[in-house]
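I have placed the structure first, in the form of structure tokens, so that the comments after it can refer back to it.
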Amino acid sequence: MTQKEPLPFAQRSDADIPGHWLLARLGKRVLRPGGLELTSRLLAAANIHGADVVELGPGLGRTARDIAALGPRSYVGVDDSAESSTLVQEVVAADGGRTIVADAADTGLDAQSADVVVGEALLTMQSDKAKKAIVDEAHRILRPGGRYAIHELGLLPDSLPQDTKEAIRRDLAQSIKVNARPMTVQEWTDLLTESGFEIENVDRAPMALLRPARVIADEGIIGTLRILVNLLTRPAARNRVLAMRRTFRTYRDALTAVAIVAVVPQQGQAVTLDVHQAVVVDRRGDGDDH
């Protein structure tokens, strides 16, 4: 990706831009809560090779690049931002992929036209109503047996009190300037099953987006240095990132990254995998950030 085209929200200042686009402006390319490792495990579980793939909200196209490397039959990226669509088109054009500018809840794609739908860090940023609309749209465009693979911000444990959930959501919204609404792992699976999906696989990883070890693992040494230089020369951006990091640290015990593969049942199929049996917990961590 050449980044010749402007990023979304290019007209906004560092103090006002949504947090994930601020990080992109600073040079961060991996903007998923569980990092590259969880994305890789999610794509492996989704069986991308030879599939017709739709990615909802592909952002900078980092995951689109990984999808292309797995040999899908086709790729369509759906984003409501013309700037993002242009960036992703640069990534996927060589492999015959394409992008369209559309809402994730109303893609305009044909019913039962995809084998895999991928969405990362998209549903977290939506209201409950919008979450349901996007999940319903994924179900509509998937063929029977098709897989919906999501990678989102989660809350722990499933019994987390409602007032704690609301406090986390309030503080996240204040620091990242997006009305983020993460949910517990059980709530994520319930959202999918209520739209007719069957849960096939649930995986987790630490939510360590801004921890040094995770940044180096995701961005490499050169990419990490680029981010540091930009932080040192942009005080407003530095203050924003430090505020986000403080929020993540405050709630580190309650935040997780969750990746789920859900399946559209074949006709006559009625098999639901118990989420507690399906969860694969990554306890290795990403290092401390004290």
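The values are calculated or read from the model by the stated rules, or taken from the named source; none is laboratory data. It should be emphasised that the depicted structure is a prediction, and the values quoted were computed from it without experimental measurement. Here the Cβ is made from the backbone with ideal geometry for all residues, glycine too, and neighbour counts use every protein chain on show. Surface areas here come from the heavy atoms of the whole protein model, side chains and all, with no ligands, DNA or RNA. Shrake-Rupley method; radii C 1.70, N 1.55, O 1.52, S 1.80 Å.
Can you tell me which residue is nearest to T256 (Cα to Cα) among those in region 145-193 that are assigned to a loop (DSSP other than H, G, I, E, B) and open to solvent by less than 10 Å² (accessible area, probe 1.4 Å)?
Just the residues of region 145-193 that are assigned to a loop (DSSP other than H, G, I, E, B), to begin with: 156-161, 177-182.
If we keep only those that are open to solvent by less than 10 Å² (accessible area, probe 1.4 Å) as well, we get 180, 182.
On the way: A180: 14, P182: 9 Å.
This residue is P182.
Can you find a residue that is of a type in the set (V, I, T) and closer than 26 Å to I216 by Cα anywhere in region 47-68?
Within region 47-68, one or more residues are of a type in the set (V, I, T) and closer than 26 Å to I216 by Cα.
One line per residue, one yes/no per condition, for (1) within 24 Å of I17 (Cα to Cα); (2) in contact with an Asp or Glu (Cβ under 8 Å, 6 or more places away or on another chain):
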| residue | (1), (2) |
| --- | --- |
| D115 | no, yes |
| P144 | no, no |
| R147 | no, yes |
| E152 | yes, yes |
| L160 | no, no |
| S175 | yes, no |
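Would you confirm whether or not region 192-203 contains a residue that is closer than 17 Å to G34 by Cα and of a type in the set (D, E)?
Taking region 192-203 first, the residues closer than 17 Å to G34 by Cα are 201-203.
Narrowing the set further to residues that are of a type in the set (D, E) leaves 203.
Yes: region 192-203 contains one or more residues that are closer than 17 Å to G34 by Cα and of a type in the set (D, E).
Tell me, which residue of region 218-246 that is exposed (fewer than 15 other Cβ atoms within 10 Å of the Cβ) and among the polar types (S, T, N, Q) is farthest from R32 (Cα to Cα)?
T233
For region 194-204, does any single residue satisfy the condition of being part of a strand (DSSP E or B) and in contact with a Lys or Arg (Cβ under 8 Å, 6 or more places away or on another chain)? Before you say what the answer is, go through the steps one by one.
Residues of region 194-204 part of a strand (DSSP E or B): 198-204.
Subsequent filtering for residues that are in contact with a Lys or Arg (Cβ under 8 Å, 6 or more places away or on another chain) retains 200, 203.
Yes.
Which of (1) open to solvent by less than 10 Å² (accessible area, probe 1.4 Å); (2) within 14 Å of A149 (Cβ to Cβ) is the odd one out, the single condition D66 does not satisfy?
Exception for D66: condition (1).
What are the residue pairs meeting all of these: first residue in region 244-265, first residue under 22 Å from L42 (Cβ atoms) and part of a strand (DSSP E or B), second residue open to solvent by 10 Å² or more (accessible area, probe 1.4 Å) and polar (S, T, N, Q), Cβ atoms under 9 Å, and 6 or more apart or on different chains?
Short answer, once both residue conditions are applied: A259/N201; I260/N201; V261/N47; V261/N201; A262/T193; A262/S195; A262/N201; V263/Q269.
Hey, can you tell me all the residues within region 124-144 that are in a strand (DSSP E or B) and either in contact with a Cys (Cβ under 6 Å, 6 or more places away or on another chain) or open to solvent by 20 Å² or more (accessible area, probe 1.4 Å) (or both)?
R143, P144
Any residue at all in region 103-114 that is in contact with a Lys or Arg (Cβ under 6 Å, 6 or more places away or on another chain) and farther than 28 Å from L255 by Cβ?
Yes, region 103-114 contains at least one residue that is in contact with a Lys or Arg (Cβ under 6 Å, 6 or more places away or on another chain) and farther than 28 Å from L255 by Cβ.
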